[in-house]
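What follows is calculated from the coordinates using simple rules that are stated; it is not laboratory data. Predicted model, so just to flag it, every value in this text is computed and none were measured. Reconstructed Cβ throughout: ideal geometry from the backbone, glycine too, with neighbour counts over all protein chains shown.
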Amino acid sequence: MSDAAAIGAPARSYLFVPATHPERIGRAIGSGADAVIVDFEDAVAPDAKVSAREGLAGSWPQWQARAAAAGVSLLVRVNATDSEYHAGDLAWCRVQRARDLVLPKADAAALHALALALPHANCYPLMETAAGFADLRAVSRAAGVVRLLLGSIDLMFDLDVADEDEPLDYFRARLVMHSRAAGLPAPVDGVCTAIGDAVELARQTTRARRFGFGAKLLIHPQQVAQVHAGLAPSEEARAWAQRIVAAAAGAQGAAVAVDGKMVDRPVLERARRILRQAG
């Protein structure tokens, strides 16, 4: 099930679950998250990767059915292309008919290899290397790509920077621009590792929204509700949008000003978008 097909609109939250703890998949599906990513990569130790796949094989159809019934997208994060476990992950996905894949360390070559191995896969490239960002235009337009994800932690390591704010601003802006140019949904911001820190999560969610991101990667169910609220238009924005739309409707095509500012077509369309986002 693809991102848009699951809920009729792009997901706002992607919650990671370690493949070594399949009992958490059900809780994640019921957490309110729009999408759940079963993680074969970073959350699984090397000596547990094969057994994690094997342990999930029998129950995977059950989790797929449960997620579909709940309207939740169910994804698998496979190991990166250069990993010794990558081929086994793809073979598992082929047998289990898991088509929605998060591809770590994505670049043009990795996308090409995935398309050859699993031609019908829906790919969520995790952009977390300088090489991947150098290929961003090609990655965003590659066949099968559904949405771009920011792997902020690995990107910081690859770039050798210790701060994910200003040093990563350029990369966040590029993700938003290339997503828009390629006709993809707004990209997905990286994880907030400060579990239980509502202030830090709010700060990061506000930053994501201001940059133009439409969702966030999550590592704990407690983060779901706050991220959904933080990504939604504020009451002030909703009120502004309602005034704009009402004034434009009343003007019947004539020029109109709201709050002392002229309302042209881009302003009206922005107001309509805010109201759609607000439901």
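With +1 on each Lys and Arg Cβ and -1 on each Asp and Glu Cβ, and nothing else charged, work out how big the dipole of the stretch 216-279 is about its Cα centre, in Debye to the nearest 20. Don't jump to the answer; show the numbers that get you there.
On the way: 9 positive and 5 negative charges, 35 e Å.
In debye, rounded to 20, the stretch 216-279 gives about 160.
Which angle between 0 and 90 degrees, to the nearest 10, do you get for helix 265-277 versus the longest principal axis of the chain when only C-alpha atoms count?
Long axis of 265-277 versus the principal axis of the chain: about 50 degrees.
Taking 0.36 nm per residue of separation and subtracting the Cα-Cα distance, what length does fully extending Ala45 through Val256 add?
Working: separation 211, 0.36 × 211 = 75.96 nm, distance 6.10 nm.
Here the answer is 69.9 nm.
Restricting to bridges with both residues inside the chain, how much of the DSSP beta-bridge set is antiparallel, in percent to the nearest 5? Numbers along the way, then the final one.
On the way: 2 of 27 bridges.
Beta bridges within the chain, antiparallel portion: roughly 5 percent.
From the phi angles alone, apply the Karplus equation (6.51, -1.76, 1.60; θ = phi - 60°) to the stretch 47-54 and give each ³J(HN,Hα) in whole Hz, x where the residue is Gly or Pro.
Each residue's phi maps through the Karplus curve to give 6, 10, 5, 5, 5, 5, 4, 5 Hz.
Tell me which lysines have Cα within less than 21 Å of Lys105's Cα, excluding those fewer than 8 residues away on the same chain?
Lys49, Lys216
Give me, ordered by chain and number, the residues 5 or more places off Met127 or on other chains with an amide H under 5 Å from its own placed amide H.
Amide H neighbours of Met127: Leu149, Leu150, Gly151.
If you count, for each residue, the other Cβ atoms within 10 Å and average over each peptide, how do 264-273, 120-129 line up from highest to lowest?
Working: 264-273: 13.5, 120-129: 23.0.
In decreasing order of mean packing, 264-273, 120-129 become 120-129, 264-273.
State the extension gain, in nm to one decimal, for the chain segment bounded by Arg66 and Asp160, taking 0.36 nm per residue of separation less the distance between their alpha-carbons. Please list the in-between numbers first.
Numbers: separation 94, 0.36 × 94 = 33.84 nm, distance 4.10 nm.
Full extension of this stretch gives 29.7 nm more.
Where the only charges are on Cβ atoms (+1 Lys, Arg; -1 Asp, Glu), what is the dipole of the stretch 150-249 about its Cα centre, to the nearest 20 debye? Walk me through the numbers before you get to the answer.
On the way: 10 positive and 13 negative charges, 139 e Å.
Rounded to the nearest 20 debye, it is 660 debye.
How big is the charge dipole of the chain about its Cα centre, in debye rounded to the nearest 20, if each Lys and Arg gets +1 on its Cβ and each Asp and Glu gets -1 on its Cβ? If you can, show how the numbers build up before the last one.
Details: 30 positive and 31 negative charges, 292 e Å.
My answer is approximately 1400 debye.
Nearest 10 degrees, 0 to 90: what angle lies between the long axis of helix 60-70 and the longest principal axis of the chain (Cα atoms)?
Taking Cα atoms only, the helix is inclined about 10 degrees.
If each residue's Cβ is checked for other Cβ atoms within 10 Å, how do Arg209, Arg180 rank with the fewest at the top? Provide the component values of the computation, followed by the final result.
Values: Arg209 19, Arg180 14.
Ordered from fewest to most neighbouring Cβ atoms within 10 Å, Arg209, Arg180 come out as Arg180, Arg209.
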